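The values are calculated or read from the model by the stated rules, or taken from the named source; none is laboratory data. All values derive from a computational prediction rather than experimental measurement. Cβ coordinates were reconstructed from backbone atoms using ideal geometry, including for glycine residues, and neighbour counts include every protein chain displayed.
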């Protein structure tokens, strides 16, 4: 994957658990998508040709479409305990 986004070990482990909990076919991963209010979400999706792909054990884990890469340059995806509870955080 392009170095546009860094994923911490905690985040990678959490994403793998999320993906493993879904009924999915080979080649599917969790796609990072824009959401209202400047948020981001994850949906199950197939790898597309222009995607940046983070793999774990050879399996697509996180998919980021090319259009988002300039926005995410230097971003870090982490899984943290916050006052609101445990959650994925994307720091740009």
Inset, instruction - Can you work out which of the residues in segment 19-42 that are under 16 Å from residue 89 (Cα atoms) and modelled with pLDDT of 90 or more is surrounded by the most Cβ atoms within 10 Å (Cβ to Cβ)? - result: 32
Legend entry - segment 78-92 residues that are surrounded by 13 or more Cβ atoms within 10 Å (Cβ to Cβ), paired with ones that are outside any strand (DSSP E or B) (beta carbon under 6 Å, 6 or more apart): 78/8; 78/11; 79/10; 79/11; 79/14
Inset, instruction - Can you work out which of the residues in segment 48-60 that are surrounded by 14 or more Cβ atoms within 10 Å (Cβ to Cβ) and over 13 Å from residue 5 (Cβ atoms) is modelled with the highest pLDDT? - result: 60
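Working only within segment 71-92, note down all residues that are touching a helix residue (DSSP H, G or I) at 6+ places or on another chain (Cβ under 7 Å) and modelled with pLDDT under 90.
92
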Legend entry - Selection from segment 35-57 of residues that are over 13 Å from the mean Cα position of the chain (by Cα) and under 13 Å from residue 12 (Cα atoms): 57
Inset, instruction - State yes or no: is residue 44 touching a helix residue (DSSP H, G or I) at 6+ places or on another chain (Cβ under 7 Å) and assigned to a strand (DSSP E or B)? - result: no
Inset, instruction - Specify which of the listed residues (68, 63) is modelled with pLDDT of 90 or more, buried (at least 16 other Cβ atoms within 10 Å of the Cβ) and within 21 Å of residue 91 (Cβ to Cβ). - result: 63
Legend entry - The lone exception for residue 11 - which of (1) within 11 Å of the chain's Cα centre (by Cα); (2) assigned to a helix (DSSP H, G or I); (3) without any contact (Cβ under 8 Å) to a residue 24 or more places away in the chain it fails: (3)
